[in-house]
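Some notes on the structure that comes next.
The values are calculated or read from the model by the stated rules, or taken from the named source; none is laboratory data. Just so it is clear, the structure is predicted and the values come from calculations on it, not from any experiment. In this analysis, Cβ positions are derived from the backbone assuming ideal geometry, glycine residues included, and neighbour counts consider all displayed protein chains. Heads up: the accessible areas ignore ligands, DNA and RNA and are worked out on the full protein's heavy atoms, side chains in. Shrake-Rupley method; radii C 1.70, N 1.55, O 1.52, S 1.80 Å.
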Amino acid sequence: MSKTRVKLIDSELVRQLFYYIDGGLVWATNKGRAKIGDRPHKNSNGYNVFKINGIPYLEHRLIWAWHNKPFSPLLDHINGDITDNRIENLRSATHSENMRNSRISSNNTSGVKGVYWQKDKNKWRVQIWNNGKQQYLGLFQNIDDAKIVASSYRKFNHAEFANQGI
């Protein structure tokens, strides 16, 4: 997987090109095929995108710049919804913080983030990533006990970035 380069853009230019309305951007000027009032399109990952001079920019990054926030290589959607680009739903984050706030994996079978069935032990295993390392938290007979341990660990160690997998 290749790393995406974050494209810098001038806040003043963003404010000239767009209006910020109801938590999103619309074109404030006619530019190329874009007309005043046009909204972004979605890319293959589901993010809202605008093209400026042929270069695609993620809408949440443009909104960050529109509000004249200091540059951040990574932005986190607080509520986990990548289409909710209201400025109050965005925050600067590290890669680890952003991953802490991720939703439950689509292939999770326990229904609990960080909890896995360990066949050979016939128990629930709790294992959570923190600062780039997997933290083993134990084996449990009861999934409710495993859920409590996983949840408590995330609340304490992931702080405001804790996401229980909702």
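List of remarks:
- Accessible area per residue for the chain is 64 Å², calculated with a 1.4 Å probe on protein heavy atoms, without ligands, DNA or RNA.
- Summed side-chain charge close to residue 125 - residues other than residue 125 whose Cβ falls under 14 Å, Lys, Arg +1, Asp, Glu -1: +3
- The stretch 2-153 - percent of accessible surface contributed by carbon and sulfur, probe 1.4 Å: 50
- Helix axis angle, 143-157 relative to the chain longest principal axis, alpha carbon, degrees: 50
- Charge dipole magnitude, Cβ of K and R +1, D and E -1 - the chain, Cα centre, debye nearest 20: 460
- Scalar couplings 3J(HN,Hα) for the stretch 64-74, obtained by applying the Karplus form with A = 6.51, B = -1.76, C = 1.60 to θ = phi - 60°, are 4, 5, 4, 8, 6, 7, x, 3, 9, x, 9 Hz; x denotes Gly and Pro.
- Option label - P(r) over Cα pairs in 10 Å bins from 0, in percent computed here, alternatives (1) 10, 42, 37, 10, 0; (2) 9, 28, 21, 12, 8, 7, 6, 5, 3, 1; (3) 10, 32, 26, 17, 11, 4, 0: (3)
- Neighbourhood charge, 12 Å Cβ-Cβ cut-off, centred on residue 40 and excluding it, Lys, Arg +1 and Asp, Glu -1: +2
- Pairs from 113/155; 123/155; 7/133 whose Cα-Cα separation, in the structure shown, is over 19 Å: 123/155; 7/133
- A cut-off of 5 Å between modelled amide H atoms, ignoring neighbours fewer than 5 places along the same chain, links residue 135 with 128, 129, 130.
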